[in-house]
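Colleague: Quick one: the structure is below, questions incoming.
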Amino acid sequence: MKKIAIMASGSGTNAQKIIEYFAGHHSMKIDCLLSDKPSAYALERAKNLGVDTIVFDKNSFYNTDEVSALLEKRGIDLIALAGFLLLVPEPMTRKFKIINIHPALLPEYGGKNMYGMRVHAAVIGNKEPFSGITIHHVNEKYDDGAVIFQAKCPVLENDTPESLAVKIHLLEHEHYPRVIEETLLQS
């Protein structure tokens with residue numbers, strides 16, 4: 001059985017979709033959800049769906065190997081970032097297969113501080129005809145790893161950051177769980 005860990009910092013809608021997708025899967029399972037934010041609603045979503053949750057602090061993430069050692073002990077095969085806002089330290093990116101989902105078509109609108117509504121506002125402000133999602137490998141830089149999958153949607157003249165966010169969430173929920181599964185099947 002291949003084991004997946006999810007790392008999330010926010011409300012956890014993607015985490016929930018991933019957990020639901022793998023419930024009862026014959027060869028893969030969500031082992032745990034980790035968060036750097038004790039108040040992240042992703043933790044509640046995971047608990048409600050029977051997934052172990054772990055909270056860690058930024059200091060231990062960057063200055064110790066506690067998180068990495070815990071994931072190794074649990075036998076994690078893949079880490080899926082789902083709204084996780086911290087930059088993953090380089091030792092972890094070398095040790096684990098880690099993928100992330102970004103709410104834009106990278107390489108545009110990526111990097112530090114480009115997440116959530118900031119991305120959607122920038123896309124609309126620049127009058128882009130399309131936006132979308134990018135699922136990519138994680139390296140030691142924000143939104144810089146090799147692209148695994150992209151999907152796009154039109155940005156309409158009357159779109160707001162909020163209405164674009166709805167479109168992007170639909171793409172995320174549709175594609176991210178499947179791409180996680182395909183990535184694990186290829187490893």
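Colleague: If only one of Val67, Val88 is of a type in the set (Val, Ile, Thr), surrounded by 15 or more Cβ atoms within 10 Å (Cβ to Cβ) and closer than 22 Å to Pro177 by Cα, which one is it?
Modeller: Going through Val67, Val88 in turn, just one is of a type in the set (Val, Ile, Thr), surrounded by 15 or more Cβ atoms within 10 Å (Cβ to Cβ) and closer than 22 Å to Pro177 by Cα: Val88.
Colleague: Oh, and also: Which residues, taken from segment 92-111, are polar (S, T, N, Q) and either at positive phi or surrounded by fewer than 22 Cβ atoms within 10 Å (Cβ to Cβ) (or both)?
Modeller: Answer for segment 92-111, where residues must be polar (S, T, N, Q) and either at positive phi or surrounded by fewer than 22 Cβ atoms within 10 Å (Cβ to Cβ) (or both): just Thr93.
Colleague: For segment 66-96, give me each residue that is assigned to a helix (DSSP H, G or I) and among the acidic types (Asp, Glu).
Modeller: Across segment 66-96, the qualifying residues are Glu66, Glu72, Glu90.
Colleague: Return the only residue of Gly111, Gly125, Gly116, Gly83 being over 17 Å from the mean Cα position of the chain (by Cα) and either closer than 25 Å to Leu185 by Cβ or small (Gly, Ala, Ser) (or both).
Modeller: Gly125
Colleague: Quick one: is Asp159 exposed (fewer than 15 other Cβ atoms within 10 Å of the Cβ), assigned to a loop (DSSP other than H, G, I, E, B) and out of contact with any Pro (no Cβ under 7 Å at 6 or more places or on another chain)?
Modeller: In short, no.
Colleague: Select from segment 134-159 the residues that are touching a helix residue (DSSP H, G or I) at 6+ places or on another chain (Cβ under 7 Å) and either among the small types (Gly, Ala, Ser) or modelled with pLDDT of 95 or more (or both) and list them in ascending order.
Modeller: Result: Ile135, Val138, Asn139, Ile148, Phe149, Ala151, Cys153, Val155, Asp159.
Colleague: I need the full set of residues from segment 88-104 which are of a type outside the set (Lys, Arg) and touching a helix residue (DSSP H, G or I) at 6+ places or on another chain (Cβ under 9 Å), in order please.
Modeller: Val88, Pro89, Pro91, Met92, Phe96, Ile98, Ile99, Ile101, His102, Pro103, Ala104
Colleague: I need every pair where a residue in segment 15-28 that is crowded, with 17+ Cβ neighbours inside 10 Å has its Cβ under 9 Å from the Cβ of a residue that is acidic (Asp, Glu), sequence separation at least 6 or different chains.
Modeller: Lys17/Glu172; Lys17/Glu174; Tyr21/Glu181; Phe22/Glu181; Met28/Asp77; Met28/Glu181
Colleague: For segment 31-41, check the following and say yes or no: at least one residue is touching an Asp or Glu at 6+ places or on another chain (Cβ under 8 Å), surrounded by 14 or more Cβ atoms within 10 Å (Cβ to Cβ), assigned to a helix (DSSP H, G or I) and on the phi < 0 side of the Ramachandran plot.
Modeller: no
Colleague: Give just the number: which of (1) closer than 27 Å to Ser60 by Cβ; (2) in contact (Cβ under 8 Å) with a residue 60 or more places away in the chain; (3) among the polar types (S, T, N, Q) does Asn139 not satisfy?
Modeller: Of the numbered conditions (1) closer than 27 Å to Ser60 by Cβ; (2) in contact (Cβ under 8 Å) with a residue 60 or more places away in the chain; (3) among the polar types (S, T, N, Q), the odd one out for Asn139 is (2).
The values are calculated or read from the model by the stated rules, or taken from the named source; none is laboratory data. The model shown is predicted, which means the values in this text are computed figures rather than measured ones. Counting neighbours? That spans all protein chains shown, and the Cβs are built from the backbone with ideal geometry, glycine included.
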